[in-house]
Structures are given as structure tokens and as C-alpha cells.
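Have a look at the structure below before the remarks.
The values are calculated or read from the model by the stated rules, or taken from the named source; none is laboratory data. Note that the structure is a prediction, hence the values are computed from the model and not measured. Note that each Cβ is placed from the backbone with ideal geometry, even for glycine, and that neighbours are counted across all protein chains shown. All accessible areas refer to the heavy atoms of the entire protein, side chains included, with ligands and DNA or RNA removed. Shrake-Rupley method; radii C 1.70, N 1.55, O 1.52, S 1.80 Å.
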Amino acid sequence: AAGVIQSPRHLIKEKRETATLKCYPIPRHDTVYWYQQGPGQDPQFLISFYEKMQSDKGSIPDRFSAQQFSDYHSELNMSSLELGDSALYFCASSLGGLAFTDTQYFGPGTRLTVL
Amino acid sequence: AQTVTQSQPEMSVQEAETVTLSCTYDTSENNYYLFWYKQPPSRQMILVIRQEAYKQQNATENRFSVNFQKAAKSFSLKISDSQLGDTAMYFCAFMGVNYGGATNKLIFGTGTLLAVQP
């Protein structure tokens with residue numbers, strides 16, 4: 001079965017640079033979530049989208065922005081990168097619908113290292 | 001705000017034995033969903049099992065089963081016939097239900113690192 005695709009899988013950036021992470025949800029899934037997992041930590045919710053509209057927002061820095069496109073893929077844009085942004089970034093997708101209770105399936109993650 | 005607590009940072013089990021991972025949560029909601037996700041050394045987040053709070057029957061998936069105690073707000077994972085491939089970090093996660101039209105985020109516990117010994 002098709003899974004969530006994330007690209008790139010690894011990314012190395014310098015401080016103050018920008019990064020763009022991409023997520024391609026499972027076919028027919030219309031809801032995308034972004035999570036950040038720091039070293040030795042549990043994943044933390046950043047932001048979510050349903051039908052190309054932002055739905056919910058967590059502890060996402062103002063330096064980060066994201067959007068969902070007409071084909072339901074999503075991009076997380078990160079500017080003015082800081083050392084503390086080094087983490088594993090997960091995208092998860094699910095079916096929307098009533099009350100958004102569908103299971104979230106995770107992609108393999110993008111490992112971002114900021115030097 | 002909902003919280004998820006996993007009080008066992010690390011556990012070890014012999015191959016073919018049974019192990020139980022603990023998880024407690026705090027919520028004032030009546031309808032919600034609970035999950036166990038597995039994160040092996042590859043760091044992929046893999047769904048293990050899902051439990052709907054409105055269901056009294058405990059969920060099972062092959063060698064994995066849960067003991068869901070709603071009144072006690074407890075959600076433990078039992079792994080039977082442990083295999084070397086079960087070595088991973090296991091995260092318990094809570095998902096509330098937002099009837100206001102927004103999506104429902106996952107709230108994770110801090111994880112339990114399980115090592116299956118040969």
C-alpha cells in the first residue's frame with residue numbers, strides 16, 4: 001500500500017538559511033499534519049491542514065510557514081534557521097470527514113541538521 | 001489540557017516472552033482515541049494499535065493487545081511472543097475529538113524504549 005512520502009530525507013543547513021520540507025500524503029487522504037521531534041523527545045504537533053486550509057496550529061515558530069496545495073501535498077517552509085531547529089520533522093496524513101477521527105499515518109520523516 | 005504519561009523510560013524482555021508497557025492519560029473528555037506507535041532505530045513512526053474510548057472491548061492486533069481501563073485512564077500495551085524486531089521506542093498517544101471542525105492532533109507520551117534480548 002502507498003505510504004506518506006517526505007522529501008528530502010536528510011537536509012543540512014547553516015544558521016539563518018531557509019529550508020523547505022515536502023510531504024505527499026497517502027492517495028485520497030485530504031488532511032495533513034506536521035510534527036517536530038527533537039533529539040530524545042516525543043513528537044510535538046506543529047500545524048495541520050484540511051482541504052488546503054489551515055486547520056489547527058501548535059507550537060510553530062513565526063519563522064515557519066506551511067501550506068497545502070490543490071493536489072493535497074504540503075510544504076513546510078522554515079526561515080532564519082536556528083541550531084534548535086535541528087530535529088526530525090514528520091508529516092502524517094489521514095482522511096478528513098466527520099470529526100477527523102481517522103488514524104494518522106506517518107511518513108519516514110525529514111532529518112534537519114542546522115550547523 | 002490533556003497529558004499522556006509513560007512511567008517506564010526503558011524496559012527489557014527476553015525473546016518469546018511477554019511484556020507490558022504502561023500508559024496513563026488525563027482528560028475530561030468522554031470521547032477520544034488512544035494509540036500505540038512504534039519507532040524502531042530507523043525512526044519511522046509505525047502504528048501498532050488503536051483504541052476507541054467508546055468501545056469496551058480491548059483492541060488486539062496479532063501479538064499486540066491493549067488493556068484499556070477508561071475509569072482509571074489507563075492504556076497498557078501487551079506484546080506476546082516478543083521478537084527481536086520488536087526492539088523500538090514505543091509511544092502512547094491521545095487524540096481528542098474537536099467537534100468545532102478543526103483537526104485533532106496527537107499528544108504523545110515520552111516513550112518507553114523496549115529492548116528484546118536474544
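Carbon-plus-sulfur fraction of the accessible area of the protein assembly as shown, 1.4 Å probe, in percent?
Numbers: 5370 of 11060 Å².
Its accessible area is 49 percent carbon and sulfur atoms.
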Options A:50, A:94, A:23, ranked by Cα towards positive dipole end of chain A, top entry (Cβ charges): A:23
Pick out, from B:7, B:98, A:8, the residue whose Cα sits farthest towards the positive end of the charge dipole of the protein assembly as shown, with +1 on the Cβ of Lys and Arg and -1 on the Cβ of Asp and Glu. A:8
Given Cβ point charges of +1 (Lys, Arg) and -1 (Asp, Glu) and nothing else, what value in debye, to the nearest 20, does the dipole of the protein assembly as shown about its Cα centre take? 160
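Let me know the volume per residue of the alpha-carbon convex hull for the protein assembly as shown, in Å³.
Details: hull volume 29.6 nm³, N = 233.
Cα convex hull per residue, to the nearest whole number: 127 Å³.
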In nm, give the distance between the simple-model label positions of residue B:27 and residue A:51, each being 7 Å from the Cα along the Cα-to-Cβ direction. 2.5
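Using the crude model of +1 on Lys and Arg Cβ and -1 on Asp and Glu Cβ, and no other charge, please compute the dipole size for chain B relative to its Cα centre, in debye to 20.
On the way: 9 positive and 9 negative charges, 62 e Å.
That gives a dipole near 300 debye.
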Kindly provide the chymotrypsin sites (Phe, Trp or Tyr not before Pro) of the range B:30-115 that DSSP labels as loop, not H, G, I, E or B, and whose Cβ sees at most 11 other Cβ atoms within 10 Å. B:54, B:99
For chain A, dividing by residue count, accessible area per residue (probe 1.4 Å) in Å² works out to 47
Projected area averaged over orientations for chain B, convex hull of C-alpha atoms, nm²: 7.4
The range A:5-114: Rg to Rh, with Rh as the Kirkwood radius over Cα pairs: 0.95
With every protein chain kept in place and ligands, DNA and RNA left out, what is the accessible area per residue of the range B:3-117? Probe 1.4 Å, answer in Å². 47
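Just how large is the dipole of the range A:5-114 about the Cα centre, in debye to the nearest 20, putting +1 at every Lys and Arg Cβ and -1 at every Asp and Glu Cβ?
On the way: 10 positive and 12 negative charges, 52 e Å.
I would put it at about 240 debye.
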When the charge dipole of the range B:43-87 is computed with +1 on Lys and Arg Cβ and -1 on Asp and Glu Cβ about the Cα centre, the Cα farthest towards its positive end, among B:83, B:54, B:68, belongs to B:54
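Between chains A and B, what is the buried accessible area summed over both chains (1.4 Å probe, protein heavy atoms, nearest 100 Å²)? If you can, show how the numbers build up before the last one.
Details: alone 6370 and 6660 Å², together 11060 Å².
Heavy-atom accessible area buried at this interface is about 2000 Å².
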With every protein chain left in place, what is the accessible area of residue B:11 in Å² (1.4 Å probe, nearest 10)? 50
Find the lysine pairs in the protein assembly as shown meeting two conditions, Cα atoms under 26 Å apart and a separation of 8 or more places or different chains, and report how many there are. 23
Surface accessible to a 1.4 Å probe, residue A:111 within the full protein complex, Å²: 90
